[in-house]
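S.K.: I'd like to ask some things about the structure below.
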Amino acid sequence: MARINLDHIAHSYNPDPKSEADFALREVHQTWEDGSAYALLGPSGCGKTTLLNIISGLMTPSHGQVLFDGRDVTSLATEARNIAQVFQFPVIYDTMTVRENLAFPLRNRRVPEADIKKRVAETLEMLDLTAKADRKARGLTADEKQKISLGRGLVRSDVNAILFDEPLTVIDPHMKWVLRSQLKQLHRRFGFTMVYVTHDQTEALTFADKVVVMYGGEVVQVGTPEELFEKPRHTFVGYFIGSPGMNVLPCALEDGGAVIAGHRLPLEGRYRPLPGKVEAGIRPEFVLLTDDASGLPIQVRSVLDVGRYRVVRGTLGGHDLNAVVPEGMPIPAEPRALFEPGKLNIYHNSHLVEAEG
Ligand code: ADP
Ligand code: MG
């Protein structure tokens, strides 16, 4: 297994890029630690597959280097990098049996037959495919074919890393959950470096030790699920993670306070004056609805009861403001919003600003 360094990687599919907009990856400079489970999370088109293919060696980046344990592998092919990659759609041999499909990557690498037998049997078991081991892949369902595809990645024990590109897209929701749990177990047991691409936050947050959030060809934050929740480093992270996402409100900084919709709120830290776009971010979970006169007046648009809590969607001075109200907590007729101290984040041109003290 290996530590993977992406050293100032940028990529354009255009051979003659004219501007930033021509780059699918703007600049990615990052280390993937040996043995960690990462999720690469971001909306469709943000560059996840491009980045994964650069790590695996299916693509050469237009700029920058890929290093495995300090060794430059930028121009090495996937096989030479010893990477297993599982794609969004099944990549299998229809005319081979399930068992032969799983054995194939091992035979290719001249693994001794006895080891092949053992590894294949374990993988079949794990994927619940033992009963179909001797069936031709051709006749199987889309789910089963994708499981074979997963198995072809998982069967190898010698890999530097296993990369998964939205591998469960074609799998039904229950099976998805089962397979994801199995991948996680497998990670605990064997400690492979795993990179799991998804556009689904639940999938990312339940699978990974560290989540890498991408947006518009850039990595905007790498963090634990808690860090992404508590301190989104970019308004996009706040918005993309959480349900509903973080509230983002225009704001002005004045005399140690934040002025939001004409109301002044004290801030915990000190911020220097910031030119340009300043916004305040507060998670709906940290918005308290009261009838206390010191709160900010909210217009309620809808209340959605989801059992353990209610989601109140409203506006503050014409801007959307959502609150999550725990079960049993009343919602006043004319609610006012208080923000939990210390939970207000300040953003300058969409990036988090740390207080000075
Ligand atoms: P994701 O996997 O996050 O959906 P991709 O890495 O596939 O994103 O794509 C990133 C950007 O690069 C998108 O704008 C996409 O249209 C563009 N792109 C992807 N593959 C190609 C290609 N082969 N040729 C040209 N543009 C591409
Ligand atoms: Mg993709």
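The values are calculated or read from the model by the stated rules, or taken from the named source; none is laboratory data. Every value quoted in this text rests on a predicted model; they were computed, and no experiment measured them. Don't worry about glycine lacking a Cβ; one is built from the backbone with ideal geometry, like all the others, and counts go over all protein chains shown. Surface areas here come from the heavy atoms of the whole protein model, side chains and all, with no ligands, DNA or RNA. Shrake-Rupley method; radii C 1.70, N 1.55, O 1.52, S 1.80 Å.
S.K.: Restricting attention to region 157-170, which residues are at pLDDT below 90 and away from ligand 2 (no atom under 16 Å from the Cβ)?
M.R.: Once the filter is applied, which keeps residues that are at pLDDT below 90 and away from ligand 2 (no atom under 16 Å from the Cβ), region 157-170 yields Ser157, Asp158, Val159, Asn160.
S.K.: Find the residue count for region 199-217, including only residues that are modelled with pLDDT under 95 and either in a helix (DSSP H, G or I) or touching a Leu at 6+ places or on another chain (Cβ under 9 Å) (or both).
M.R.: Selection size over region 199-217: 10.
To keep it simple, each residue is scored yes or no on (1) over 30 Å from Gly238 (Cα atoms); (2) more than 13 Å from ligand 2 (Cβ to nearest atom).
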| residue | (1), (2) |
| --- | --- |
| Pro43 | no, no |
| Gly47 | no, no |
| Ile54 | no, no |
| Met59 | yes, no |
| Thr74 | yes, yes |
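S.K.: Among all residue pairs at least 6 apart or on different chains, which show Cβ distances below 8 Å where the first residue, located in region 52-71, is in the same structural domain as His11 (by TED's automatic domain parsing) and the second is in a helix (DSSP H, G or I) and open to solvent by 30 Å² or more (accessible area, probe 1.4 Å)?
M.R.: Within 8 Å, the pairs are Gly57/Ala80.
S.K.: So, Ser36, is that one within 13 Å of Ile4 (Cβ to Cβ), in the same structural domain as Glu166 (by TED's automatic domain parsing), open to solvent by 20 Å² or more (accessible area, probe 1.4 Å) and of a type in the set (Gly, Ala, Ser) or not?
M.R.: Details: within 13 Å of Ile4 (Cβ to Cβ): yes; in the same structural domain as Glu166 (by TED's automatic domain parsing): yes; open to solvent by 20 Å² or more (accessible area, probe 1.4 Å): yes; of a type in the set (Gly, Ala, Ser): yes.
Taking the combined requirement at face value, the residue satisfies it.
S.K.: Scanning for something exposed (fewer than 14 other Cβ atoms within 10 Å of the Cβ) and within 16 Å of Phe192 (Cα to Cα), does region 56-63 turn up at least one residue?
M.R.: Within region 56-63 (the criterion being exposed (fewer than 14 other Cβ atoms within 10 Å of the Cβ) and within 16 Å of Phe192 (Cα to Cα)), the answer is no, since none of the residues qualifies.
Table: residues versus (1) more than 14 Å from the chain's Cα centre (by Cα); (2) under 18 Å from Val28 (Cα atoms).
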site	(1), (2)
His174	yes, no
Glu203	no, no
Asp209	no, no
Val220	no, yes
Tyr239	no, no
Ser243	yes, no
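S.K.: Tell me the residue from Glu285, Glu227 that is of a type in the set (D, E, K, R) and either closer than 24 Å to Val312 by Cβ or open to solvent by less than 30 Å² (accessible area, probe 1.4 Å) (or both), please.
M.R.: On the way: Glu227 fails: either closer than 24 Å to Val312 by Cβ or open to solvent by less than 30 Å² (accessible area, probe 1.4 Å) (or both).
Matching residue, one of Glu285, Glu227: Glu285.
S.K.: Right, something else. Kindly provide the set of residues from region 157-169 that are away from ligand 1 (no atom under 16 Å from the Cβ) and open to solvent by 20 Å² or more (accessible area, probe 1.4 Å), ordered by number.
M.R.: Within region 157-169, Ser157, Asp158, Asn160 meet the criteria.
S.K.: For region 40-147, which fully contained helices (runs of 4 or more DSSP H) count at least 3 residues that are more than 28 Å from Asp22 (Cα to Cα)? Please lay out each step first, then the result.
M.R.: Details: elements: 48-56, 78-81, 98-108, 113-126.
Helices (runs of 4 or more DSSP H) meeting the threshold: 78-81, 98-108, 113-126.
S.K.: Within region 93-149, which residues are of a type in the set (Asp, Glu) and either more than 28 Å from Ala80 (Cβ to Cβ) or not assigned by TED's automatic domain parsing to the domain that holds Phe190 (or both)? Lay out the reasoning, then the answer.
M.R.: Initially, region 93-149 is screened for residues of a type in the set (Asp, Glu), giving 94, 100, 113, 115, 122, 125, 128, 134, 143-144.
Within region 93-149, Glu125, Asp128, Asp134, Asp143, Glu144 meet the criteria.
S.K.: Here's another thing I want to ask about it. From (1) surrounded by fewer than 16 Cβ atoms within 10 Å (Cβ to Cβ); (2) in contact (Cβ under 8 Å) with a residue 12 or more places away in the chain, pick out the condition that doesn't hold for Glu113.
M.R.: Condition (2) is where Glu113 drops out.
Yes or no, residue by residue, for (1) loosely packed, with under 14 Cβ neighbours inside 10 Å; (2) over 30 Å from Asn82 (Cβ atoms); (3) among the hydroxyl-bearing types (Ser, Thr, Tyr):
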residue: Lys176; (1), (2), (3): no, no, no
residue: Met194; (1), (2), (3): no, no, no
residue: Val213; (1), (2), (3): no, no, no
residue: Val219; (1), (2), (3): no, no, no
residue: Arg233; (1), (2), (3): no, yes, no
residue: Tyr239; (1), (2), (3): no, yes, yes
residue: Gly242; (1), (2), (3): no, yes, no
residue: Gly245; (1), (2), (3): no, yes, no
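S.K.: Still on this structure, please answer the following. For Pro15, are the conditions met, namely being away from ligand 2 (no atom under 16 Å from the Cβ), outside any strand (DSSP E or B) and over 22 Å from Gly153 (Cα atoms)?
M.R.: Yes: the conditions hold for Pro15.
S.K.: On to the next question. I'm trying to understand the selection: among the residues of region 295-319, which are part of a strand (DSSP E or B) and either of a type in the set (Val, Ile, Thr) or open to solvent by less than 20 Å² (accessible area, probe 1.4 Å) (or both)?
M.R.: To start, the set of residues in region 295-319 that are part of a strand (DSSP E or B) comprises 296-297, 299-305, 309-316, 319.
Within region 295-319, Leu296, Val300, Val303, Val311, Val312, Gly314, Thr315, Leu316 meet the criteria.
S.K.: Restricting region 66-96 to residues that are within 29 Å of Phe240 (Cβ to Cβ) and not aliphatic (A, V, I, L, M), which is surrounded by the fewest Cβ atoms within 10 Å (Cβ to Cβ)?
M.R.: Phe89
S.K.: Can you tell me which residues in region 60-73 are among the β-branched types (Val, Ile, Thr) and under 24 Å from the mean Cα position of the chain (by Cα)? Steps first, answer last, please.
M.R.: Step one: filter region 60-73 for residues among the β-branched types (Val, Ile, Thr), giving 60, 66, 73.
Passing the criteria: Thr60, Val66.
Here's the yes/no breakdown for (1) within 26 Å of Met175 (Cα to Cα); (2) away from ligand 1 (no atom under 16 Å from the Cβ):
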site: Leu40; (1), (2): yes, no
site: Lys48; (1), (2): yes, no
site: Gly57; (1), (2): no, no
site: Val73; (1), (2): no, yes
site: Ala80; (1), (2): no, yes
site: Phe87; (1), (2): yes, no
site: Asp115; (1), (2): no, yes
site: Asp128; (1), (2): yes, yes
site: Gly139; (1), (2): yes, yes
